[in-house]
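What follows is one structure encoded as structure tokens, with my remarks underneath.
The values are calculated or read from the model by the stated rules, or taken from the named source; none is laboratory data. Only a predicted model underlies this, so the values are computations on that prediction, with no experimental measurement involved. So basically every Cβ, Gly included, is an ideal-geometry build from the backbone, and we count neighbours across all protein chains shown.
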Amino acid sequence: MPLNQYQQEVGPSLADARPGKMPDITLLDGRYCSVEHLTVAEHYEDILDFYFTNRILSDWTYMYADPFESEEAVRQCLEDYEQSSNPYFFAIRDKASGKVLGTFSLMAITPKNRSVEMGRVILAPALQKTRAATEAQYLVMTYVFDVLYYRRYEWKCDSLNRPSANAAQRLGFTFEGRFRNHAIYKGRSRDTDWFSIIDSEWPALKERFENWLAPDNFDENGQQKRSLKEC
């Protein structure tokens with residue numbers, strides 16, 4: 001560990017300490033899905049289905065927001081999402097069906113520290129636990145690390161939200177700890193679990209994703225031959 005002029009340990013100096021850029025994309029194109037900047041004109045009808053018409057109420061238990069009560073409430077929300085720069089919202093389009101089946105965002109964007117969080121993940125049942133869902137995460141990670149050159153990528157969830165925590169660990173995030181009494185929402189106390197990926201971990205993780213997403217890793221029924229961890 002380097003020492004300063006007072007013989008105190010300090011963190012390593014960075015070759016490039018410039019602030020990062022804000023997200024600004026139209027399309028991230030993959031093999032199984034595309035990730036598109038969310039717009040009302042392009043995405044409202046598809047999103048309405050899994051946000052309201054055929055929503056799964058239990059999927060909203062650990063969201064800060066309550067389920068939508070009307071189609072107009074969904075439209076208003078998406079109008080706000082479209083205009084927002086932090087969080088920056090995406091729609092996930094499944095290429096097999098051609099439909100938008102999920103949304104998520106880059107949030108807590110901190111250019112000075114080159115740190116950002118993946119959050120507000122809402123997936124229709126047809127997208128959950130699919131290649132397209134994993135690829136969508138891979139596409140955004142690639143954008144964050146390889147294009148924006150951010151150093152830290154976060155995932156946070158209610159400590160009781162085991163599906164979210166399991167998803168984070170499957171995707172390669174490292175558990176960092178639990179913030180006790182971190183938040184109050186829906187009249188409940190929330191302990192928050194924190195996970196992260198840092199830039200030095202990304203090259204190996206990127207290779208793992210690409211090995212898993214390769215067509216030859218799936219049989220004729222679309223079943224994986226090797227898990228993401230095994231890749």
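Looking at the range 211-223 only, could you name the residues that are of a type outside the set (A, V, I, L, M), in contact (Cβ under 8 Å) with a residue 40 or more places away in the chain and surrounded by 13 or more Cβ atoms within 10 Å (Cβ to Cβ)?
W212, F218
Just for the range 90-132: of the residues that are small (G, A, S) and under 26 Å from S200 (Cβ atoms), which one is surrounded by the most Cβ atoms within 10 Å (Cβ to Cβ)?
Residue satisfying both the conditions and the ranking: S105.
From the residues in the range 152-170 that are touching a helix residue (DSSP H, G or I) at 6+ places or on another chain (Cβ under 9 Å) and of a type in the set (S, T, Y), which one is surrounded by the most Cβ atoms within 10 Å (Cβ to Cβ)?
Y153
Within the range 1-38, can you find the residues that are under 25 Å from Q137 (Cβ atoms) and assigned to a strand (DSSP E or B)?
Those that are under 25 Å from Q137 (Cβ atoms) and assigned to a strand (DSSP E or B): L27, L28, D29, C33, S34, V35, E36, H37.
Step by step: first the residues of the range 18-32, then only those that are of a type outside the set (A, V, I, L, M, F, W, C) and under 27 Å from W212 (Cβ atoms), then the one that is surrounded by the most Cβ atoms within 10 Å (Cβ to Cβ). Which residue is that?
Going through the qualifying residues, I end up with P23.
Which one of the conditions (1) charged (D, E, K, R); (2) touching a Ser or Thr at 6+ places or on another chain (Cβ under 7 Å); (3) part of a strand (DSSP E or B) does E82 fail to meet, given that it meets all the rest?
(3)
Taking into account only those residues within the range 1-45 that are β-branched (V, I, T) and closer than 19 Å to P87 by Cβ, which is farthest from the chain's Cα centre (by Cα)?
Taking the candidates together, the pick is V40.
Being in contact with an Asp or Glu (Cβ under 7 Å, 6 or more places away or on another chain) and crowded, with 19+ Cβ neighbours inside 10 Å narrows it down to one residue among F145, F179, F173; which is it?
When all the criteria are applied, what remains is F145.
Is it the case that the range 9-17 has a residue that's over 20 Å from M118 (Cα atoms), touching a strand residue (DSSP E or B) at 6+ places or on another chain (Cβ under 7 Å) and loosely packed, with under 10 Cβ neighbours inside 10 Å?
Yes, some residue in the range 9-17 is over 20 Å from M118 (Cα atoms), touching a strand residue (DSSP E or B) at 6+ places or on another chain (Cβ under 7 Å) and loosely packed, with under 10 Cβ neighbours inside 10 Å.
Test F90 against the criterion of being within 17 Å of S34 (Cβ to Cβ) and modelled with pLDDT of 95 or more, and give yes or no.
Answer is yes for this residue.
Of the conditions (1) out of contact with any strand residue (DSSP E or B) (no Cβ under 9 Å at 6 or more places or on another chain); (2) surrounded by 13 or more Cβ atoms within 10 Å (Cβ to Cβ); (3) not in a loop (DSSP other than H, G, I, E, B), L228 satisfies every one except a single condition; which number is it?
Unmet condition: (3).
For a quick check of your reading of the model, give me the residue pairs whose first member lies in the range 14-39 and is within 11 Å of F90 (Cβ to Cβ), whose second is assigned to a loop (DSSP other than H, G, I, E, B), with beta-carbon atoms closer than 6 Å and at least 6 apart or on different chains.
Correct list of pairs: C33/K95; H37/I25; H37/T26.
So which residues in the range 187-206 are outside any helix (DSSP H, G or I), in contact (Cβ under 8 Å) with a residue 40 or more places away in the chain and crowded, with 16+ Cβ neighbours inside 10 Å?
W194, F195, S196, I197
Given the criterion modelled with pLDDT of 95 or more and of a type in the set (V, I, T), identify the matching residue among V10, V40.
After ruling out the rest, the residue left standing is V40.
If you scan the range 85-108, which residues turn out to be farther than 15 Å from Y51 by Cα, among the aliphatic types (A, V, I, L, M) and in a strand (DSSP E or B)?
Of everything in the range 85-108, those that are farther than 15 Å from Y51 by Cα, among the aliphatic types (A, V, I, L, M) and in a strand (DSSP E or B) turn out to be L106, M107, A108.
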